[in-house]
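Colleague: Input: one structure, supplied below.
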Amino acid sequence: MFLLSILLSPLIGAFVMGFVGHTKAASRLNILFSFLTFGATFLLAWNVFANGPLVGLDEQLFADGFSAIFIVLTGGIGATTSLFSHRYMAIEKSRGHLTGEKQRLYLSLYQVFLLTMLVVLVSNNLGLLWVSLEGATLTTVLLVAWSRTPESVKAAWKYFILCGVGIAQALFGTILLYFASEKTLGPGGTALLWTHLAAVKHTLEPTVIGLAFVFFIVGYGTKVGLVPLHNWLPDAHAEGPAPISAVLSGLLLNVALYAILRIKVLADGSLHNPLTAHLLMGFGLLSVLLGSLSMWKRQDIKRLFAYSSIEHMGLATFAFGLGGPMGSFAGLLHMTAHSLIKSSIFFVVGHIVQTSGSQKIPEIRDVALRTPSLARALLIGGLAVTGIPPFAIFASEFLILSVAVRRAPWSLPLLLLAIIVTFGVLYFRIQEMNGESGRSLSFPNEKPKITFYPIWIHFGLAFLIGLFFTHELGRLYGLALHSIGLTNG
Amino acid sequence: MDVGDPLFRTEFAVDVVDLFLAILTAPLLSGWIGTCRAVLSNRTPAGVFQPFWDLLRLFRKEVILPEHTSFLFRAVPFGVFGILSVSALFIPLLNIRPLLGPVADVVVLIGLFSLVRMLMAFGAMDAGTPFGDLGARREMMVGFLAEPATLMILFTVSLWSGSTSLSRIIQSLLSSSDPVHPSLMFALMAYILVFLAENGRLPIDNPATHLELTMIHEAMILEYSGPLLGMMEWSAHLKLFLYLLIGIDFFFPAGLPAELSPPAVILGIFLLIGKLMAAGTALAIVEILFAKLRIFRVPEFTALAYLLASIGFLIHFVLEV
Amino acid sequence: MAPHPHLLANHLVGMLGSALLLSAFANLAMRRLTSLVRIFALQGLLLTASTLAVAILSSETHLLFSALFTFIFKVVLLPTILFRLMNRLHIQGEVESLVNVPSTMVIGLGIVVFSFTLAAPISELASTVSKGLIGVGLASLLLSFLMMITRRKALTQLLGFLGMENALFFSAINATYGMPMVVELGVAFDVLVGTFVFGIFFFQIRETFESLDLKHMDSSSLE
């Protein structure tokens, strides 16, 4: 019952927060629950890697090595983000932006959000997976609109409508998948269970599965933020509170891509053509290009990094499209590294916005003078996210490029262009913000207390992975990918 | 079939009877619709035979021709009436295999109706008055907009029989065992709209109005008087009757006599009268319920008809093959 | 050859499917907001009826529950919520459209052709009694989508969203006799929560923009 236990903590957490979320201690309680969840996910992952896949609750829940990676990532980033959000919300509260009621809403939705994502990751039933992914949308919609400014309401509405439409396409895909599998597995409960589907994937009707995959990639791809379905992403990231931007970028996008990859395994088994690879490569490359080019001249710091998320998710998608053991490993490594680094960058950015009082880059100056350590963190984050060695993104991008040289040489100039543009834009932007404005500095009367633990934990991990553990991680990830059949092709 | 063949003679006789029945029943049908409308709007009905008295009154008057009109103006009423009478020969009334049936299929029929419209427009424009012009232009516009829908309906219906011949369509519909056809339901809805547009009924045109700026049909025949006007009015009755008849043939063919035995024919006559009266009542109800559309909304109206017909057409391939 | 009552029910399913498609078009053609909510309730009724008909035809008993559930949920509950929402917020008046009605209709027709073509190979593989209707479901899905992107008011977008869900349910019924019960319940739960979230949004949008017309939201663009 390991599987249920990781869901128990956020579930209880959500209820507790619903009752006592407005009290002073609630934020610490939130940290406690998030770390409990992290502990449970860690144990689960350990168990999975040691003893093989787990199945539970009448086969509805399931975890293998592939999902364990995402589960532990979700638990971990959920926990560190709760640390950050404790500090962040304390600052907001000291400025009078936060009432008890709003805090209660925020904290309980935070736990519900973690819950829905974990359900996505452990659900064996592809219908339930859809239900909980939609649940994650509904939760985050309210979180994006949380500050109630006109911009945030607008952004949340756009997010809601676009993802609602997208996810409806995914439901049609689910129906088609069920339609195809019902022929071999018979009607009823088992025909949507991934484990059963994977066993019979070669017998599934290719016409139907091909069409279903198209619906899936359009549907879940909207949530990944694949161009041209990305329109909601920059707005939602820019207008939501910083901890939410961090979990959106670091977790939700990953989880949506995870869902696509699960389906890809099934579709590859049934189809005997490279349809899925081509679709993933097409959407991925488009996202990489448009994401990086859109960063040019962005005036809003959170929006800037939101476009960078589009670019990186595109890169990971492209890597999975390239396929093969190396391509898939590179994609998975890229997703891991990007989650760590991007969520950390949003922590930094959140604090920068709090200390300088604006999200507009031209108005953010003197970060280095005001809070030198934040400036350092921003610079390191910028270097890490643009793929400077020895951070993990360097390793994954290098791998992706070297696989691309062999499998799709035509894409190389485009990828390089995107990576160079991203680097240039981010570097100059960060220099601008860290640099001096020449105005005389007027510090706010009280300097907010900033937390650095979560930021350095993430950067440190990304650093260590990039420098020392690529090989060990490679073995682990390789096993996980191989066991579900993502290394073929 | 030989001219001396007794069967041929029966059929010939039935066809002639059909033609005269159509010509004579047409004003009656208009009278019936008028009566229904009057009753529904709480007025004293003028009686079913009122159109006859009107026609009679018109035919007793002398012909007054407007100045500067040409031969065309005088020829149009005869042409219109003649063409419509000929069309009546193609449309099964009681005999589902009219002798002239093979000569013309539904597309030709639509062509004939267009010819009628064109002749009327010529007549209206010949007088050279602004109202005639205006009416003619509007009538041509409505016709132009309704035509695609009409053709689409015909194609939908003919999908059943694989033929555009009226008698074939009716035969295959009569012999079909399916109780309801979704595609035909759509076609029927579209046909009702086309019917209203083509015959100048509400909500497209008000047949009873003489408000100059809104009328279409009345504006076209404004310059006619006496017997010529009578011909035009009678043609309008006949056109309405024929359209209704086509609708009945397509969508409610049950009870049409499959062969010309006396009991079947008599049953057919009664059923036909019933259907015509029911259709007339329905038309009256529609006209009571809806207000006239602005002329700019007519494209929307006909687009809807086209849409319905096309859906029916597509549905046929999905549900009924 | 199927016995006669089944033939009738089969035609009934076809008719109901066509009516659903027609109602999706009616959604596009309507100008008054209240009529849209009525059409939504009508769609619920059509869904209930067609689920019942399919249940009888296929003798799948769990579909009876689905039908009952659909009735309670989509004919009674949601329209009531919507009408109350409209009363509370004083929403009334006309639909505002970005593309005029005849053009939307023509686009819609294209969508129908597209979805029928797309669904044709799938229908051939289906073993259900009403397999031809998969295309109808797909067409209704895309038509509701069209309504969402061409209409301006917040409520019309909500109705488009619900229409999409209806179409999906309809497709599931006709392609596979419905999804497993647990999934169906989950989906219904999501839709209910979604409707509540929409409701919360209406209040927030109104509070912030003093109107439910989304063009106020466009006017100051988000960069």
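The values are calculated or read from the model by the stated rules, or taken from the named source; none is laboratory data. Given the structure is predicted, the values throughout are model-derived calculations rather than measurements. We place every Cβ from the backbone using ideal geometry, glycine too, and count neighbours over all the protein chains shown.
Colleague: Working only within the stretch A:13-60, note down all residues that are more than 21 Å from the chain's Cα centre (by Cα), over 28 Å from residue A:97 (Cβ atoms) and part of a helix (DSSP H, G or I).
Modeller: If the condition is that a residue be more than 21 Å from the chain's Cα centre (by Cα), over 28 Å from residue A:97 (Cβ atoms) and part of a helix (DSSP H, G or I), then A:43, A:46, A:47, A:48, A:49, A:50, A:51 are the ones that fit.
Colleague: Would you mind finding the one in A:240, A:284, A:291, A:219 that is crowded, with 24+ Cβ neighbours inside 10 Å and closer than 14 Å to residue A:140 by Cβ?
Modeller: A:240
A quick yes/no check of all residues on (1) among the β-branched types (Val, Ile, Thr); (2) out of contact with any Gly (no Cβ under 8 Å at 6 or more places or on another chain); (3) under 30 Å from residue B:160 (Cα atoms); (4) part of a helix (DSSP H, G or I):
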position: B:215; (1), (2), (3), (4): no, no, no, no
position: B:247; (1), (2), (3), (4): no, yes, yes, yes
position: B:276; (1), (2), (3), (4): no, yes, yes, yes
position: B:292; (1), (2), (3), (4): no, yes, no, no
position: B:297; (1), (2), (3), (4): no, yes, no, yes
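Colleague: Restricting attention to the stretch C:143-169, report how many residues are farther than 20 Å from residue A:156 by Cα and either within 14 Å of chain B (Cβ to nearest Cβ) or not in a helix (DSSP H, G or I) (or both).
Modeller: Summing the residues that are farther than 20 Å from residue A:156 by Cα and either within 14 Å of chain B (Cβ to nearest Cβ) or not in a helix (DSSP H, G or I) (or both) in the stretch C:143-169 gives 2.
Colleague: Kindly list the number of the only condition in (1) in contact with a helix residue (DSSP H, G or I) (Cβ under 9 Å, 6 or more places away or on another chain); (2) more than 24 Å from residue B:302 (Cα to Cα) that fails for residue B:128.
Modeller: Residue B:128 satisfies every listed condition except (1).
Residues checked against (1) at pLDDT 85 or above; (2) facing chain C (nearest Cβ under 7 Å); (3) within 19 Å of the chain's Cα centre (by Cα); (4) surrounded by 24 or more Cβ atoms within 10 Å (Cβ to Cβ):
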{"position": "A:136", "(1), (2), (3), (4)": "yes, no, yes, yes"}
{"position": "A:140", "(1), (2), (3), (4)": "yes, no, yes, yes"}
{"position": "A:149", "(1), (2), (3), (4)": "no, no, no, no"}
{"position": "A:155", "(1), (2), (3), (4)": "yes, yes, yes, yes"}
{"position": "A:159", "(1), (2), (3), (4)": "yes, no, yes, yes"}
{"position": "A:162", "(1), (2), (3), (4)": "yes, no, yes, no"}
{"position": "A:165", "(1), (2), (3), (4)": "yes, yes, no, no"}
{"position": "A:172", "(1), (2), (3), (4)": "yes, yes, no, yes"}
{"position": "A:177", "(1), (2), (3), (4)": "yes, no, no, yes"}
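Colleague: Check the stretch A:90-104 and report whether any residue there is surrounded by 24 or more Cβ atoms within 10 Å (Cβ to Cβ) and within 14 Å of another protein chain (Cβ to nearest Cβ).
Modeller: No: the stretch A:90-104 contains no residue that is surrounded by 24 or more Cβ atoms within 10 Å (Cβ to Cβ) and within 14 Å of another protein chain (Cβ to nearest Cβ).
Colleague: Further, regarding this structure: All but one of (1) away from every other protein chain (no Cβ under 14 Å); (2) farther than 30 Å from residue B:257 by Cα hold for residue B:145; which doesn't?
Modeller: Among (1) away from every other protein chain (no Cβ under 14 Å); (2) farther than 30 Å from residue B:257 by Cα, residue B:145 violates only (1).
Colleague: Something else: What is the residue count in the stretch B:76-105 for residues that are among the hydrophobic types (A, V, I, L, M, F, W, C) and more than 18 Å from the chain's Cα centre (by Cα)? Even if it seems obvious, please write down each step before you answer.
Modeller: Let us first name the residues in the stretch B:76-105 that are among the hydrophobic types (A, V, I, L, M, F, W, C), namely B:76, B:78, B:80-81, B:83-84, B:86, B:88-91, B:93-94, B:96, B:99-100, B:103-104.
Cutting the leftovers down to more than 18 Å from the chain's Cα centre (by Cα) gives us B:76, B:99-100, B:103.
Going through the stretch B:76-105 one residue at a time, the tally reaches 4.
Colleague: Oh, and also: Restricting attention to the stretch A:179-209, which residues are of a type outside the set (A, V, I, L, M, F, W, C), in a helix (DSSP H, G or I) and more than 7 Å from chain C (Cβ to nearest Cβ)?
Modeller: Passing the criteria: A:181, A:183, A:184, A:190, A:195, A:196, A:201, A:202, A:203, A:206.
Colleague: Considering the stretch C:170-181 alone, what residues qualify as being within 7 Å of another protein chain (Cβ to nearest Cβ) and out of contact with any Asp or Glu (no Cβ under 6 Å at 6 or more places or on another chain)?
Modeller: Listed by number, the residues that qualify are C:171, C:172, C:175, C:179, C:180.
Colleague: Only one of (1) more than 14 Å from chain B (Cβ to nearest Cβ); (2) part of a helix (DSSP H, G or I); (3) surrounded by fewer than 20 Cβ atoms within 10 Å (Cβ to Cβ) fails for residue C:26. Which number is that?
Modeller: Unmet condition: (1).
Colleague: Then there is this: Collect the residues in the stretch B:76-88 that are aliphatic (A, V, I, L, M) and surrounded by 15 or more Cβ atoms within 10 Å (Cβ to Cβ), keeping them in residue-number order. Don't jump to the end; show me each part of the working.
Modeller: Taking the stretch B:76-88 first, the residues aliphatic (A, V, I, L, M) are B:76, B:80, B:83-84, B:86, B:88.
Within the stretch B:76-88, B:76, B:80, B:83, B:84, B:88 qualify.
Colleague: Would you mind stating whether residue B:44 is at pLDDT below 85 and either in contact with a helix residue (DSSP H, G or I) (Cβ under 9 Å, 6 or more places away or on another chain) or of a type in the set (Ser, Thr, Tyr) (or both)? Talk me through it step by step, then tell me what you get.
Modeller: Values: at pLDDT below 85: no; either in contact with a helix residue (DSSP H, G or I) (Cβ under 9 Å, 6 or more places away or on another chain) or of a type in the set (Ser, Thr, Tyr) (or both): yes.
Criteria not met by residue B:44.
Colleague: While we're on this one: Could you tell me whether residue C:40 is more than 30 Å from residue B:301 (Cα to Cα), buried (at least 17 other Cβ atoms within 10 Å of the Cβ) and touching a residue at least 24 places away in the same chain (Cβ under 8 Å)? So that I can check it myself, show each step before the final result.
Modeller: Values: more than 30 Å from residue B:301 (Cα to Cα): no; buried (at least 17 other Cβ atoms within 10 Å of the Cβ): yes; touching a residue at least 24 places away in the same chain (Cβ under 8 Å): yes.
No.
Colleague: Right, another one. Just one of C:12, C:57, C:33 is within 14 Å of chain B (Cβ to nearest Cβ) and touching a helix residue (DSSP H, G or I) at 6+ places or on another chain (Cβ under 7 Å); which is it? Spell out how you get there, then give the answer.
Modeller: Working: C:57 fails: within 14 Å of chain B (Cβ to nearest Cβ); C:33 fails: within 14 Å of chain B (Cβ to nearest Cβ).
Matching residue, one of C:12, C:57, C:33: C:12.
Colleague: Could you look through the stretch A:108-134, keep only residues that are more than 11 Å from chain C (Cβ to nearest Cβ) and among the β-branched types (Val, Ile, Thr), and pick out the one that is farthest from residue A:86 (Cα to Cα)?
Modeller: The qualifying residue farthest from residue A:86 (Cα to Cα) is A:122.
Colleague: Test each condition in (1) modelled with pLDDT under 85; (2) more than 25 Å from residue B:297 (Cβ to Cβ) for residue C:150 and report the one that comes out false.
Modeller: All conditions pass for residue C:150, except number (2).
Colleague: Among the residues of the stretch C:95-123 satisfying the criterion of being over 20 Å from the mean Cα position of the chain (by Cα) and more than 11 Å from chain B (Cβ to nearest Cβ), which is farthest from residue B:186 (Cα to Cα)?
Modeller: Filtering the stretch C:95-123 for residues that are over 20 Å from the mean Cα position of the chain (by Cα) and more than 11 Å from chain B (Cβ to nearest Cβ), the one farthest from residue B:186 (Cα to Cα) comes out as C:98.
Colleague: On the basis of being assigned to a helix (DSSP H, G or I), more than 16 Å from residue C:168 (Cα to Cα) and away from chain B (no Cβ under 14 Å), does residue C:73 make the cut?
Modeller: No, not satisfied.
Colleague: On the given criteria, is residue C:186 facing chain A (nearest Cβ under 7 Å) and either modelled with pLDDT of 75 or more or part of a strand (DSSP E or B) (or both)?
Modeller: yes
Colleague: A follow-up question, please. What number of residues within the stretch C:75-101 satisfy the criterion of being in contact with a helix residue (DSSP H, G or I) (Cβ under 7 Å, 6 or more places away or on another chain) and over 18 Å from residue C:156 (Cβ atoms)?
Modeller: Residues meeting the conditions: 1.
Colleague: Which of the residues that make up the stretch B:209-244 are of a type in the set (D, E, K, R) and at pLDDT 85 or above?
Modeller: Answer for the stretch B:209-244, where residues must be of a type in the set (D, E, K, R) and at pLDDT 85 or above: B:233, B:239.
Here's the yes/no breakdown for (1) within 14 Å of chain C (Cβ to nearest Cβ); (2) buried (at least 20 other Cβ atoms within 10 Å of the Cβ); (3) in contact (Cβ under 8 Å) with a residue 12 or more places away in the chain:
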residue	(1), (2), (3)
B:264	no, no, no
B:273	no, no, no
B:281	no, no, yes
B:284	no, yes, yes
B:296	yes, no, no
B:301	yes, yes, yes
